[in-house]
Amino acid sequence: MPADPLGGGTDADGRNADYADAALFLGMNSADEELRVACKAFFAARLAGRLVMSLEQVGRCDDVIWGYGRELQDAYYPFMDNLHTVMDIRRLGYDEADVRHALDDGGTPAGLPVHERLLLGMVGNRKGLLHTASPRLLDHPGLPVRAPAPVTGSEPAFPEPLEALYRQSLVLRISADAL
């Protein structure tokens, strides 16, 4: 069963699931407006669906945000915390088969950083699809990765109060190279 384009119908272990990485999640606060809106639209369209994020990718989001001052963190975290509460985002750890797929089976390009190879190992081993804003990953044809679709027309909105929290979070803008 292929990954559901709107993020539904995934197994508890992440099989046949849609995955998001830190680049996509943090892309909702990108300094690049086109990318920001595309990443936001991805999450807004799947709010009632399911996604998987590896525990490491959740931690990578925190690592980037913790690099900013306390005031920006305080403006950002209410949105992130609420989105993780209202959306079914399954946070899963790697298992041995994921690691083997990433490092031993040749299922991932050796030139990528290990954290991306491990994520691709998880996605590939579990027959998922990774949605990402990472140019490194998107530059490798044949991988199970997809960029967020560009938005034409008006910017989608989250339901309130999530949209207000999102707007508040936009005081923090993340450069493309930090994604």
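When residues of region 124-154 are filtered for being open to solvent by 60 Å² or more (accessible area, probe 1.4 Å), farther than 24 Å from A45 by Cα and touching a residue at least 12 places away in the same chain (Cβ under 8 Å), how many remain?
Total satisfying the criteria: 2.
Please verify whether A157 is aliphatic (A, V, I, L, M), open to solvent by 40 Å² or more (accessible area, probe 1.4 Å) and outside any helix (DSSP H, G or I), treating the condition exactly as stated.
Values: aliphatic (A, V, I, L, M): yes; open to solvent by 40 Å² or more (accessible area, probe 1.4 Å): yes; outside any helix (DSSP H, G or I): yes.
Taking the combined requirement at face value, the residue satisfies it.
Checking D4 against (1) at pLDDT 95 or above; (2) among the charged types (D, E, K, R); (3) open to solvent by 20 Å² or more (accessible area, probe 1.4 Å), only one condition comes out false. Which one?
For D4, the exception is condition (1).
Output the residues belonging to region 170-179 that are outside any loop (DSSP other than H, G, I, E, B) and either open to solvent by 50 Å² or more (accessible area, probe 1.4 Å) or free of Cβ contacts under 8 Å to residues at least 24 places away in the same chain (or both).
Listed by number, the residues that qualify are A176, D177.
Based on what the data block shows, is G121 in contact with a helix residue (DSSP H, G or I) (Cβ under 8 Å, 6 or more places away or on another chain) and open to solvent by less than 10 Å² (accessible area, probe 1.4 Å)?
Taking the combined requirement at face value, the residue satisfies it.
Being free of Cβ contacts under 8 Å to residues at least 60 places away in the same chain, in a helix (DSSP H, G or I) and open to solvent by less than 60 Å² (accessible area, probe 1.4 Å), is that true of even one residue in region 24-35?
The answer is yes; a qualifying residue exists.
Restricting attention to region 74-105, report how many residues are open to solvent by less than 30 Å² (accessible area, probe 1.4 Å) and in contact with a helix residue (DSSP H, G or I) (Cβ under 6 Å, 6 or more places away or on another chain).
5
Condition first: of a type outside the set (S, T, Y), within 12 Å of the chain's Cα centre (by Cα) and farther than 13 Å from H84 by Cβ. Now tell me which residues in region 47-58 satisfy that.
Matches in region 47-58: E56 only.
What residue, of L138, L143, L179, L165, is in contact with a Pro (Cβ under 6 Å, 6 or more places away or on another chain) and of a type in the set (A, V, I, L, M, F, W, C)?
Criteria check complete, one pass: L165.
Do the conditions hold for V64, that is, is it touching a helix residue (DSSP H, G or I) at 6+ places or on another chain (Cβ under 7 Å) and either under 20 Å from V114 (Cα atoms) or buried (at least 24 other Cβ atoms within 10 Å of the Cβ) (or both)?
yes
Among the residues of region 66-85 satisfying the criterion of being under 16 Å from the mean Cα position of the chain (by Cα) and not hydroxyl-bearing (S, T, Y), which is farthest from L26 (Cα to Cα)?
Once the filter is applied, the top-ranked residue is N82.
Using the structure shown, decide if R167 is open to solvent by 40 Å² or more (accessible area, probe 1.4 Å), assigned to a helix (DSSP H, G or I) and in contact with a Leu (Cβ under 7 Å, 6 or more places away or on another chain).
no
The values are calculated or read from the model by the stated rules, or taken from the named source; none is laboratory data. The structure presented is a predicted model; accordingly, all values stated were derived computationally and were not measured. Neighbour counts are summed over all protein chains in view; Cβ atoms, including those assigned to glycine, are modelled from backbone coordinates with ideal geometry. The accessibility values were calculated without ligands, DNA or RNA, using every heavy atom of the protein model including side chains. Shrake-Rupley method; radii C 1.70, N 1.55, O 1.52, S 1.80 Å.
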